[in-house]
1. List the number of the failed condition for ASP331; all other conditions in (1) surrounded by fewer than 21 Cβ atoms within 10 Å (Cβ to Cβ); (2) modelled with pLDDT of 95 or more; (3) among the acidic types (Asp, Glu) hold.
2. Looking at the structure I just gave you, is VAL139 more than 21 Å from GLY281 (Cα to Cα) and without any contact (Cβ under 8 Å) to a residue 40 or more places away in the chain?
3. Kindly check whether there is at least one residue in the stretch 88-104 that is open to solvent by less than 20 Å² (accessible area, probe 1.4 Å), in contact with a Lys or Arg (Cβ under 9 Å, 6 or more places away or on another chain), within 20 Å of HIS309 (Cα to Cα) and in contact (Cβ under 8 Å) with a residue 12 or more places away in the chain.
4. Mind listing whichever residues of the stretch 171-223 are exposed (fewer than 14 other Cβ atoms within 10 Å of the Cβ), touching a residue at least 24 places away in the same chain (Cβ under 8 Å) and either within 14 Å of the ligand (Cβ to nearest atom) or hydrophobic (A, V, I, L, M, F, W, C) (or both)?
5. For the stretch 280-303, give me each residue that is within 13 Å of the ligand (Cβ to nearest atom) and not aliphatic (A, V, I, L, M).
6. Quick one: would you say SER148 is out of contact with any Cys (no Cβ under 8 Å at 6 or more places or on another chain), at pLDDT 95 or above, within 16 Å of the ligand (Cβ to nearest atom) and part of a loop (DSSP other than H, G, I, E, B)?
7. It is to be established whether one or more residues within the stretch 337-350 are touching a His at 6+ places or on another chain (Cβ under 8 Å) and modelled with pLDDT of 95 or more.
8. Looking at the stretch 254-273 only, could you name the residues that are away from the ligand (no atom under 14 Å from the Cβ) and farther than 16 Å from LEU127 by Cβ?
Amino acid sequence: MTEPNAARAALITDVARRANIYLDGLDGRDVLPTAEALSRIDELAGSLPGGPGDPAAILDLLDRVGSPATVASAGPRYFGFVIGGALPTTVAANMLAAAWDQCTGRQVLSPAATVIEETAARWVAELIGLPEGCGVGLVTGASMANFSALAAARHALMARAGWDVGSKGLYGAPEIRIVVGGEVHVTVLKALALLGFGRDTAIRVPVDGQGRMIADQLPTLDDRTIVCIQAGNVNTGAFDPAPEIIARAKAAGSWVHVDGAFGLWAAAAPARAHLMAGFNGADSWATDAHKWLNTPYDCGLVFVRDEAHLRGAMAANAAYLIDSGGREPGDYVPELSRRARGVEVWAAIKALGRSGIAELVERNCRQAARFAKGLKAAGIEVLNEVPLNQVLVAFGDAERTQRVTAAIQVEGTCWCGGSVWQGRTVMRISVSSWATTDDDVERSLDAIIRMDRANA
Ligand SMILES: *Cc1c(COP(=O)(O)O)cnc(C)c1O
């Protein structure tokens with residue numbers, strides 16, 4: 001066995017070396033892959049291998065052709081979508097967890113991964129101020145967290161109306177009304193579609209210019225209504241008025257779900273925590289770890305106040321799925337087999353601690369404010385109030401905004417994406433990475449202002 005072991009050791013040592021070279025190169029390269037790098041990616045396509053390949057050559061091809069063709073979103077000047085980098089401790093933990101290859105469906109499959117996941121989830125709940133004893137599942141991201149929470153809500157409200165939706169399905173089921181804001185995230189609508197509620201049947205509450213639901217315009221609520229609110233709009237970073245909405249919903253017996261993919265993390269930073277006031281009164285919450293906690297992709301968490309509702313919607317049992325008596329991880333998520341994605345959450349929180357997470361969130365918010373201030377000083381329009389880490393920018397009309405955004409992307413110092421916000425074509429800046437320094441912000445501001453001037 002020494003020979004295969006030696007070959008494996010060489011492979012893993014080599015990949016660690018390559019990973020370090022890749023990470024060292026992130027700061028110096030353009031954010032987008034060069035045309036030359038992209039011209040070679042076809043080498044990764046090709047036909048089905050007829051037989052075994054040489055492991056060292058496989059890794060060499062992956063690194064030589066694949067690495068330069070990646071988008072440097074793990075680097076310090078990627079401001080597209082809401083992405084976040086990956087803290088070094090989480091990358092290393094991820095590599096070790098790959099070696100473990102644990103299936104985290106049942107406790108018996110991995111006592112270590114089970115404890116790590118439970119501990120990580122408990123820490124996240126504490127960091128963002130959620131009630132103790134929530135049911136929790138570690139899923140691929142906020143999309144699946146929204147889906148899982150809304151499945152729990154469906155289960156709970158229908159059970160209250162005397163209908164077991166898990167066994168009887170939706171035909172003939174009591175009607176559940178869904179209420180969302182006018183700027184609801186598309187993944188909430190997708191979850192509604194997957195759950196059989198439909199995308200277009202939800203009642204849409206009007207919003208203000210920042211995308212916040214106007215509480216006065218809520219429809220009449222009852223105990224067969226699910227109200228979906230958001231903590232952190234994906235464009236503006238705005239928060240719905242949770243105290244008013246949750247008070248009304250509680251009085252009526254409605255379920256309140258919070259989509260807080262990145263916004264929930266405001267609660268972890270003392271100077272931003274006011275934005276999260278009242279949100280912990282909801283019934284369920286969805287968030288991401290791969291965005292603002294800066295774990296590698298993919299990882300999100302779902303929390304449900306009454307764990308029985310999440311388990312009721314998700315548990316599946318068979319004689320061979322040994323029950324250990326405690327919390328079975330697979331009883332709280334859609335999947336049975338699942339990677340041990342709690343490992344990186346655990347590692348991130350160990351690496352930063354409460355104070356480090358507060359500092360990360362606050363720094364990114366301060367950097368977003370610096371972008372807004374610098375752009376305004378250069379005569380460039382900022383459309384949102386910038387309460388958090390998102391900045392919406394317009395360089396004049398739609399055509400010019402698109403032209404300047406494209407020029408910024410090609411210039412390469414940083415990368416920002418585009419969108420349309422309430423009818424205006426905009427460029428979006430999201431500051432979500434541990435790796436972004438104040439100097440990166442100044443360099444990026446410079447590049448943005450230069451591209452604005454060059455495209456007059
Ligand atoms: C990113 C995001 C989602 C979806 O999360 P994924 O991690 O991409 O599944 C949902 N809601 C909001 C507000 C988001 O920003």
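The values are calculated or read from the model by the stated rules, or taken from the named source; none is laboratory data. If you're wondering where the values come from, they're calculated on a predicted model, not measured in any experiment. Cβ sites come from the backbone with ideal geometry, for glycine too, and all protein chains shown count toward neighbours. With ligands, DNA and RNA removed, areas are computed over all heavy atoms of the protein, side chains included. Shrake-Rupley method; radii C 1.70, N 1.55, O 1.52, S 1.80 Å.
1. (1)
2. Against the criterion (more than 21 Å from GLY281 (Cα to Cα) and without any contact (Cβ under 8 Å) to a residue 40 or more places away in the chain), VAL139 does not qualify.
3. Looking for residues that are open to solvent by less than 20 Å² (accessible area, probe 1.4 Å), in contact with a Lys or Arg (Cβ under 9 Å, 6 or more places away or on another chain), within 20 Å of HIS309 (Cα to Cα) and in contact (Cβ under 8 Å) with a residue 12 or more places away in the chain, one finds none in the stretch 88-104, hence no.
4. Within the stretch 171-223, just ILE203 meets the criteria.
5. TRP285, THR287, ASP288, HIS290, LYS291, TRP292, THR295, PRO296, TYR297, ASP298, CYS299, GLY300
6. In short, no.
7. Checking the stretch 337-350: not a single residue is touching a His at 6+ places or on another chain (Cβ under 8 Å) and modelled with pLDDT of 95 or more.
8. Listed by number, the residues that qualify are SER254, TRP255, VAL256.
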